[in-house]
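The values are calculated or read from the model by the stated rules, or taken from the named source; none is laboratory data. Because the structure is predicted, anything quoted here is derived from the model rather than measured. Don't worry about glycine lacking a Cβ; one is built from the backbone with ideal geometry, like all the others, and counts go over all protein chains shown. Surface accessibility is based on the protein's heavy atoms, side chains included, excluding ligands, DNA and RNA. Shrake-Rupley method; radii C 1.70, N 1.55, O 1.52, S 1.80 Å.
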Amino acid sequence: MGLLIRNGSVVSADKTLAADVLIEGATIKEVRAGIPAEPGHEILDATGMLLLPGGIDAHTHLDMPFGGTTSSDDFETGTCAAAIGGTTTIVDFAIQARGTKMRDALDTWWKKAESKACIDYGLHMIVTDLSDAGLEDMDDMVREGVASFKLFMAYPNVLMVDDATIFRALKQTSKNGALICMHAENGSVIDVIVRQALAEGKTAPIYHALTRPTLAEAEAVHRAIALAEIAGVPIYIVHLSSEDALNQVREARDRGLPAFAETCPQYLLLSIDDMNVPGFESAKYVFTPPLREKQNLPKLWDGLKSDHLQVVSTDHCPFCFEDQKSLGKDDFTKIPNGGPGIENRLQLLHHHGVNAGKITLNRFVEIVSTAPARIFGMYPKKGAIAPGSDADIVVWDPKAEHLISAKTHHMRVDYSMFEGFKVQGNARQVFSRGELIVEYGRYVGRTGRGQYLRREARGGAWT
Ligand code: URP
Ligand code: ZN
Ligand code: ZN
């Protein structure tokens, strides 16, 4: 018994190797050229194909209540779409409701996922309330494999926490080894600018972007890193969107600090110019941080190339245009914040990164799989094609052409942020723990087969 994938090129973060891969059960048994086929081996010919470790999307929001509604993909539709695009693991966010225990949120999110997830999933915990009991709550979560926490410096009165709370959470991670992920934008200042805009009658979607300056992001990134430095712990900045913010991360890393950051395809490929569309249409691009001026895009690509940015996640948080984004028709502050992308991350990064010569194939694998596995305590179970690792393998056809469109995508949302983008490079087959789950753009696995991943708290050993 076993599956032998022959004649492919195995791509890892540091090399590309012409090799066969032998899978036995859920794990990889052997990786080398010329593995002999034995009786009972099923053979898959991967001539001309790249073999990638399954993609890891470390930032998704499935079935998440937000902005008076709920993100439109649940754990079934969202993870199925992810799989079709070559992602075999996600880390989603559970949200602690104010005044409640984090365990309640964990139970709620386990219930959302357990009978639906099509791929493996971990959970971060969004901390909204850190009473004294909360600090122990964090340790309790770490024991459950929730090895990272997200805190918000934005969304006052909803998710935002103050600096004291942030600092206490950071300090606690020096004891429990977890990682703090920061939504870094100065929410109080943005709130003043937003109120002023509304008072002036500026209610259209574009004002969501125009009221959130890059310096409000940079200031928060600077503050978050400074607080982590005082606490003596690493920090991870989520969905970094601008050159100003990137400069803060680069300065910290140049000083040797363990500051990490992710960006997302929308910040690499779209700009505020894409909001220059008639009527309410630009609400499709209302997410936070917002789209930036065009000159930021090459800086973010440079940041990825030079490891000032380590990860590309999607921040997939879909809301349908017709009946959800429309909640903010007369007031941009009521547009649910978020956009879809879980299905297209590898296609977009491969085409606009690798094919365009902006990053190497190995760096591509690192930022979409190996680095998030390492940073979020899943490596080498995930993020590697190596003996003993989970057999999460994408048979990637680097020549396959694909047109991204809401008409054909699998995400449960009525628009695509990348409508009409033509990409070259796509998943031909996807294996998750040795099981074939995607073939030629079709999900062929079972709903609910995805398993909860207990992630390891790394205690600062991220580099
Ligand atoms: O607009 C966004 N990004 N929505 C999801 C929540 C968050 O802040 O990540
Ligand atoms: Zn955020
Ligand atoms: Zn998010």
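Please find, among Arg412, Arg433, Arg454, Arg446, the residue that is of a type in the set (D, E, K, R) and in contact with a helix residue (DSSP H, G or I) (Cβ under 8 Å, 6 or more places away or on another chain). Sole residue among the options that is of a type in the set (D, E, K, R) and in contact with a helix residue (DSSP H, G or I) (Cβ under 8 Å, 6 or more places away or on another chain): Arg412. Evaluated against (1) assigned to a strand (DSSP E or B); (2) hydroxyl-bearing (Ser, Thr, Tyr); (3) open to solvent by 10 Å² or more (accessible area, probe 1.4 Å), Thr89 falls short on exactly one condition, (3). Looking only at residues in segment 359-393 that are open to solvent by less than 20 Å² (accessible area, probe 1.4 Å) and of a type in the set (Phe, Trp, Tyr), the one that is farthest from ligand 2 (Cβ to nearest atom) is Phe364. Against the list (1) more than 20 Å from the chain's Cα centre (by Cα); (2) buried (at least 17 other Cβ atoms within 10 Å of the Cβ), the condition Arg455 fails is (1).
Conditions tested, residue by residue: (1) under 17 Å from the mean Cα position of the chain (by Cα); (2) closer than 20 Å to Leu453 by Cα; (3) in contact (Cβ under 8 Å) with a residue 60 or more places away in the chain.
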position	(1), (2), (3)
Asp63	yes, yes, no
Ala81	yes, yes, yes
Thr89	yes, yes, yes
Trp110	no, yes, yes
Ala117	yes, yes, yes
Phe152	yes, no, no
Asn157	no, no, no
Asp162	no, no, no
Arg168	no, no, no
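The numbered conditions (1) open to solvent by 10 Å² or more (accessible area, probe 1.4 Å); (2) in contact with a Ser or Thr (Cβ under 9 Å, 6 or more places away or on another chain); (3) more than 16 Å from ligand 1 (Cβ to nearest atom) are all true for Asp274 except (3).
Checking each residue of segment 406-415 against the condition of being touching a strand residue (DSSP E or B) at 6+ places or on another chain (Cβ under 8 Å), aromatic (Phe, Trp, Tyr) and at pLDDT 95 or above gives no match. Filtered by the rule that a residue be at pLDDT 95 or above, crowded, with 17+ Cβ neighbours inside 10 Å and farther than 14 Å from Pro340 by Cβ, segment 64-75 gives a lone residue, Phe75.
Would you say Gln248 is more than 22 Å from Gln295 (Cβ to Cβ), open to solvent by 30 Å² or more (accessible area, probe 1.4 Å) and either not hydroxyl-bearing (Ser, Thr, Tyr) or not assigned by TED's automatic domain parsing to the domain that holds Gly339 (or both)? So Gln248 does not fit the description; no.
Residues of segment 229-250 that are among the polar types (S, T, N, Q) and assigned to a helix (DSSP H, G or I): Asn247, Gln248. Please find, within segment 48-63, the residue that is surrounded by the fewest Cβ atoms within 10 Å (Cβ to Cβ) out of those that are in contact with a Lys or Arg (Cβ under 8 Å, 6 or more places away or on another chain) and under 24 Å from Met1 (Cβ atoms). Step by step, filter segment 48-63, then rank; the result is Met49.
To keep it simple, each residue is scored yes or no on (1) open to solvent by 10 Å² or more (accessible area, probe 1.4 Å); (2) in contact with a Leu (Cβ under 6 Å, 6 or more places away or on another chain); (3) without any contact (Cβ under 8 Å) to a residue 24 or more places away in the chain; (4) not assigned by TED's automatic domain parsing to the domain that holds Gly256.
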residue: Asn296; (1), (2), (3), (4): yes, no, no, no
residue: Thr314; (1), (2), (3), (4): no, no, no, no
residue: Cys320; (1), (2), (3), (4): yes, no, no, no
residue: Asp330; (1), (2), (3), (4): yes, no, no, no
residue: Gly357; (1), (2), (3), (4): yes, no, yes, no
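Is there a residue in segment 425-440 that is open to solvent by 10 Å² or more (accessible area, probe 1.4 Å), hydroxyl-bearing (Ser, Thr, Tyr) and more than 30 Å from Gly177 (Cα to Cα)? So far as segment 425-440 goes, yes, one or more of its residues are open to solvent by 10 Å² or more (accessible area, probe 1.4 Å), hydroxyl-bearing (Ser, Thr, Tyr) and more than 30 Å from Gly177 (Cα to Cα). When you look at Asp14, is it open to solvent by 40 Å² or more (accessible area, probe 1.4 Å) and among the acidic types (Asp, Glu), yes or no? So Asp14 passes the test. Exactly one residue out of Pro213, Pro234 is in contact with a Pro (Cβ under 7 Å, 6 or more places away or on another chain) and more than 16 Å from ligand 1 (Cβ to nearest atom), and it is Pro234. Of the residues making up segment 361-370, one or more are touching a Pro at 6+ places or on another chain (Cβ under 6 Å) and of a type outside the set (D, E, K, R). Give, as residue ranges, the strands (runs of 3 or more DSSP E) completely inside segment 12-52 that count at least 2 residues that are under 29 Å from the mean Cα position of the chain (by Cα) and under 17 Å from Ala391 (Cβ atoms). The qualifying strands (runs of 3 or more DSSP E) are 16-24, 27-32.
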